[in-house]
Structure formats: C-alpha cells, structure tokens
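Here the structure comes first, spelled out in structure tokens, and everything after it is commentary.
The values are calculated or read from the model by the stated rules, or taken from the named source; none is laboratory data. Keep in mind that this is a model prediction, so the values were computed, not measured. Note that each Cβ is placed from the backbone with ideal geometry, even for glycine, and that neighbours are counted across all protein chains shown.
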Amino acid sequence: MHRPYNLSAGPAILPPEVFERTAAQIGMVGTLGPADDPSLEARLSILEISHRSKTFDRIHEAAIDLCHTVLGVPRTHKVLLLQGGASTQFAMVPMNLRRADKPACYVDTGVWASKAIAESKLFGETRTLASSAPRHDHVPEMPAADTYADASYVHLTSNNTIYGTEWERIPKLAGDVPLVVDLSSNIGSREMGIENVALGYAGAQKNLGPSGVTLAFVREDLLALPPTVPVPTMLRYATHAAENSLYNTPNTFGILVLRNVLEWMRDHGGVVGIGAVNQRKAKAIYDTLDASSLYRAHAKPGSRSRMNVTWTLAGTDGSHSEAQTETLTKRFLAAAEKAGFCGLKGHRLVGGCRASIYNAFPEDGVVALVAFMNEFERTA
Ligand code: PMP
C-alpha cells in the first residue's frame, strides 16, 4: 500500500531515509558509532546511553556543527538544544533580553506572535509595532527604525503556520537593536536572511526532527548581558550556553534525529537546493489556487508561505455562501483522505484547508495533490 501523503502542520513529515536510519539507531543492536568507534555505547541503542558518553557527545557536537554549516547559524552565535518547545522561548526571550526601562517590541502576525506578546507583557512594557489583524492574511511592512530605536529587542515570527503567511526575507534592523525571530515553521527551508537574527528559536517538529527538542541560537554578546529580573536557572540562556546544552539531561533521541535530518539536508543541497524545490512545490499549489474558481488562497501574494499553503473553498471572490463552502469543504476533505492525503484540514481560525509542505514533503506528492484538487473541482 502507498504511504499516505502527510501534510500535517506538525509534528510533521520527515525524510524516509531518516526514519530508516533512526530505526536502526533505536534498535537493540545499535548502529550509533562509526565502525571504528571502540566504545561499548556505540553498539547500544540511542534510548539507553548516557548523555555524557563519548558516543552521544559525538552526535551532539555534529548536530550543533550542522546548525552552523547547514542552517547558516552564524559562528558568532551559540547553538543551544533545549526543551519546552517554542512556547517556552516566548517567556525566556523577555526574561533574558529585556533591558531595564526599554520596551520589548513585537510584530503581531497571528496566534503564535500573540502568545509571545502575552508572555512579554508579564515582564513589562510591550509595544506592538505592526499587526496583520484581523485576517492575518499578510505580513505587515517592517516598521520604521524610529518606532523601535529605544527597544530592548524586536520580535518577529518568520512564518505563520496557521495562516500560511511568511516574511519574504528576515529584515535587517537599523542600529544595534537585537532582532529575535520565532523560526519554528520555516527554519532551513530556504535562504532567508538568518544572518540578521540576534536570537532565533524553533521547535524541531516541522523541518528539523521530532517534537521535544528546541533549537535556540543566541549571539554571544547577548549571553554576556545579565538579566534585569530574577530568572530561574533552567530558563537562563547563559546556563545552557556555559554547559553546552548539557546542564541537565537533554532530549538525546531528539538530538540524534535532528543530526540525521541535518545530514539529510546537507546531502540534498542544503538550504539552497532544498529552497529551490520548496519554491517549485509551493508555486504549483498557488498556481492551482489562483487559476481556480472554487478554491481561494487565504494569504495575499507577496506574503505567501512556502511551508503552509492555506485556502478555503469559498469560490472566486467569496462567491459561495457559508453553507455551500462548508459542505464543499467537508466533501473535499473526505475525498482527500480517501485519496491518501492526510492532515489537510485547516486550522479552525482560518477554516478550509492547509497543505503543510515542509522540506521532507516530496515533489511528487505536490503533483498528486494538484491533480486531485483539479479533479475535485472538475467534478464538484
Ligand atoms: N511558533 C510557531 C510559528 C508555531 O507554528 C508553533 C507550533 N505550531 C509554536 C510557536 C509553538 O511551538 P511549541 O508547540 O513547540 O511550543
């Protein structure tokens, strides 16, 4: 039987090669070490070895190095492999980066950005520089420098998973205000200006691996600044930086899979090669939506995500009634499920459909999806 096409928003599809390799590394007879690794751990499973063993250390160091070489994290930044998801970062950022009497500035592009804003408000003055509310169908223009010149930092969400909007490029801020970016749903998907980020973070469960490991990278000079509020030890970036993310037991399994995914990315052309494929995949679906009189893309041109493509079945210019749209959407999703496409139901805030076509989603899956969409429209 054909494997279903997995269009889930996250945890999400991973490359088949990674599943195969990781399965062997979990197995009773492990394959963790290269043939010349003399340690006993190298012949055990990743699930049972110490995070302080030489075998794990090699995997951990490789994962960190690949974050620099494959994802493009600048060498001026410390890579941290943490837990608690991107949601914990919403709180860690203000706790660690707020400067006394300097507001934290945010661009509000929907639910995840709002959650980050809410955490910041717990710690002091928080300014929303720009917003895409209420529809969140675009990303706003980057606000002028004088609106954030006095900020502790400016925070953006590079890709808005729910609405399918994405910054075309990560902007370079004026002056020396640090830029903080939630990269959870498009990290590693193309060249996008990661060098402009002072502090970046991403839950791994979309482009990088399984849930339970969170990548953060922090410019060294920011690590040296003491927080201006009391911060619990586990929530200080400096704790994890000083201990190379081994202050406590990390998610060893998640870090192994992250390493495997990053090696897969490296072997598939890195962010440049993968970015070109992602561009073609997204374009094929947006072209289908734009040519259709049934489907209607949610995101506006210029802000359209290459990772999460969202649409409703509202007809061109919203010509269908709500009831008609709802019936058609139900039929579409049921038929898609039958045809082997899973995870296509849109987030309840947007409705309709969402195709999450992360790095590992194959191009032939997009060809099949487009053919299915065209056939559904023809017979609807
Ligand atoms: N930010 C974005 C852009 C997301 O898509 C998500 C999860 N879908 C989160 C943050 C929250 O991540 P986590 O569940 O890892 O806390």
(message) If I ask for residues that are more than 16 Å from the ligand (Cβ to nearest atom) and out of contact with any Phe, Trp or Tyr (no Cβ under 7 Å at 6 or more places or on another chain), which ones from segment 72-105 would you list?
(response) G72, P74, R75, T76, R99, A100, D101, K102, P103
(request) Kindly indicate which of R75, R43 is modelled with pLDDT of 95 or more and of a type in the set (K, R). (result) R75
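Is it the case that some residue within segment 106-121 is closer than 28 Å to D137 by Cα, more than 16 Å from the ligand (Cβ to nearest atom), in the same structural domain as I162 (by TED's automatic domain parsing) and of a type outside the set (F, W, Y)? Before the answer, list the steps.
Taking segment 106-121 as the starting set, the residues that turn out to be closer than 28 Å to D137 by Cα are 106-121.
If we keep only those that are more than 16 Å from the ligand (Cβ to nearest atom) too, we end up with 121.
Now drop any that are not in the same structural domain as I162 (by TED's automatic domain parsing), which leaves 121.
Keeping just the survivors that are of a type outside the set (F, W, Y) gives 121.
Checked segment 106-121: at least one residue is closer than 28 Å to D137 by Cα, more than 16 Å from the ligand (Cβ to nearest atom), in the same structural domain as I162 (by TED's automatic domain parsing) and of a type outside the set (F, W, Y).
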(message) Among the numbered criteria (1) within 16 Å of the ligand (Cβ to nearest atom); (2) touching a residue at least 24 places away in the same chain (Cβ under 8 Å); (3) not in a loop (DSSP other than H, G, I, E, B), which one does V218 miss?
(response) (1)
(request) Could you list, in sequence order, all residues of segment 136-148 that are hydrophobic (A, V, I, L, M, F, W, C) and within 16 Å of the ligand (Cβ to nearest atom)? (result) V139
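For H155, indicate whether it is at pLDDT 95 or above, within 22 Å of V257 (Cα to Cα) and over 13 Å from the mean Cα position of the chain (by Cα). Lay out the reasoning, then the answer.
On the way: at pLDDT 95 or above: yes; within 22 Å of V257 (Cα to Cα): no; over 13 Å from the mean Cα position of the chain (by Cα): yes.
No: the conditions fail for H155.
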(message) Can you report the number of residues in segment 159-209 which are of a type outside the set (F, W, Y), within 14 Å of the ligand (Cβ to nearest atom) and not in a loop (DSSP other than H, G, I, E, B)?
(response) 10
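Of the residues that sit in segment 149-158 and are in a loop (DSSP other than H, G, I, E, B) and under 15 Å from L97 (Cα atoms), which one is farthest from the ligand (Cβ to nearest atom)?
The initial filter retains those residues of segment 149-158 that are in a loop (DSSP other than H, G, I, E, B), namely 149-152, 158.
Those still in the list that are under 15 Å from L97 (Cα atoms) too: 150-152.
Numbers: D150: 26, A151: 21, S152: 20 Å.
So, considering only residues that are in a loop (DSSP other than H, G, I, E, B) and under 15 Å from L97 (Cα atoms), the one farthest from the ligand (Cβ to nearest atom) is D150.
Results for (1) farther than 18 Å from V257 by Cβ; (2) touching a residue at least 60 places away in the same chain (Cβ under 8 Å); (3) within 16 Å of the ligand (Cβ to nearest atom), shown as yes or no for each residue.
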position: P11; (1), (2), (3): no, yes, yes
position: P15; (1), (2), (3): no, yes, no
position: E20; (1), (2), (3): no, no, no
position: A24; (1), (2), (3): no, no, no
position: V29; (1), (2), (3): yes, no, no
position: D37; (1), (2), (3): yes, no, no
position: R43; (1), (2), (3): yes, no, no
position: I46; (1), (2), (3): no, yes, no
position: S53; (1), (2), (3): no, no, no
(request) For residues that are of a type in the set (A, V, I, L, M, F, W, C) and more than 16 Å from A202 (Cβ to Cβ), tally how many sit in segment 243-280. (result) 7
